[in-house]
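Engineer: Have a look at this one before I ask anything.
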Amino acid sequence: MGTTASLSDELETGQYSSVMSYSGTIGMELANRPVPYHISRCFPGTLESSQCQELVMSACRVAYMCVDVVRGRMPPQNLQRAVSPSCMKRLETMAYLLKNHMRTHRELKEQLCYLPRSCPP
């Protein structure tokens with residue numbers, strides 16, 4: 001009877017017996033079709049499909065909040081619990097650079113006021 005190595009053993013040795021992964025789709029409010037996702041396990045144990053959906057939705061929320069910070073639509077302080085201080089500094093720097101760039105490029109600023117274009121399937 002064979003033994004199954006723990007995930008930490010697999011990571012240390014570089015020999016992976018089976019890295020669990022989860023794939024699926026989520027419906028996004030502005031998307032005209034489901035958005036695919038893929039999660040690879042990096043810890044011992046398993047995930048329920050509902051937990052995967054929650055992880056994906058949380059990641060999407062943080063990503064959208066980051067975009068809102070960069071676009072100047074949300075104060076960076078709203079992300080303090082979700083991102084590291086170095087990430088916060090980078091977002092603030094990017095927001096500053098984008099704001100200054102938009103001052104000289106009105107056509108780009110106008111495009112940011114619209115919803116993203118939907119991509120063909």
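The values are calculated or read from the model by the stated rules, or taken from the named source; none is laboratory data. What you are looking at is a predicted structure, and each value in this text was computed from that prediction instead of being measured. Here the Cβ is made from the backbone with ideal geometry for all residues, glycine too, and neighbour counts use every protein chain on show.
Engineer: Tell me whether region 102-116 contains one or more residues that are of a type in the set (Phe, Trp, Tyr) and either assigned to a helix (DSSP H, G or I) or touching a residue at least 24 places away in the same chain (Cβ under 8 Å) (or both).
Structural biologist: Step one: of region 102-116, the residues of a type in the set (Phe, Trp, Tyr) are 114.
So of that shortlist, the ones also either assigned to a helix (DSSP H, G or I) or touching a residue at least 24 places away in the same chain (Cβ under 8 Å) (or both) come out as none.
Among the residues of region 102-116, not one is of a type in the set (Phe, Trp, Tyr) and either assigned to a helix (DSSP H, G or I) or touching a residue at least 24 places away in the same chain (Cβ under 8 Å) (or both), which makes the answer no.
Engineer: Still on this model: Going by the conditions given, is SER40 within 20 Å of the chain's Cα centre (by Cα), at negative phi and at pLDDT 85 or above?
Structural biologist: Numbers: within 20 Å of the chain's Cα centre (by Cα): yes; at negative phi: yes; at pLDDT 85 or above: no.
No: the conditions fail for SER40.
Engineer: Of all residues in region 43-68, which are within 23 Å of MET102 (Cα to Cα) and either modelled with pLDDT of 90 or more or of a type in the set (Gly, Ala, Ser) (or both)? I'd like the intermediate steps shown before the answer.
Structural biologist: The initial filter retains those residues of region 43-68 that are within 23 Å of MET102 (Cα to Cα), namely 63-68.
Matches in region 43-68: ALA63, MET65, CYS66.
Engineer: Quickly run through region 27-62 and pick out the residues that are surrounded by 10 or more Cβ atoms within 10 Å (Cβ to Cβ) and either in contact with a Leu (Cβ under 6 Å, 6 or more places away or on another chain) or of a type in the set (Gly, Ala, Ser) (or both).
Structural biologist: Answer for region 27-62, where residues must be surrounded by 10 or more Cβ atoms within 10 Å (Cβ to Cβ) and either in contact with a Leu (Cβ under 6 Å, 6 or more places away or on another chain) or of a type in the set (Gly, Ala, Ser) (or both): ALA31, PRO44, SER58, ALA59.
Engineer: Still on this structure: Which one of the conditions (1) over 13 Å from the mean Cα position of the chain (by Cα); (2) surrounded by 14 or more Cβ atoms within 10 Å (Cβ to Cβ); (3) outside any helix (DSSP H, G or I); (4) touching a residue at least 12 places away in the same chain (Cβ under 8 Å) does ALA95 fail to meet, given that it meets all the rest?
Structural biologist: The failed condition is (3).
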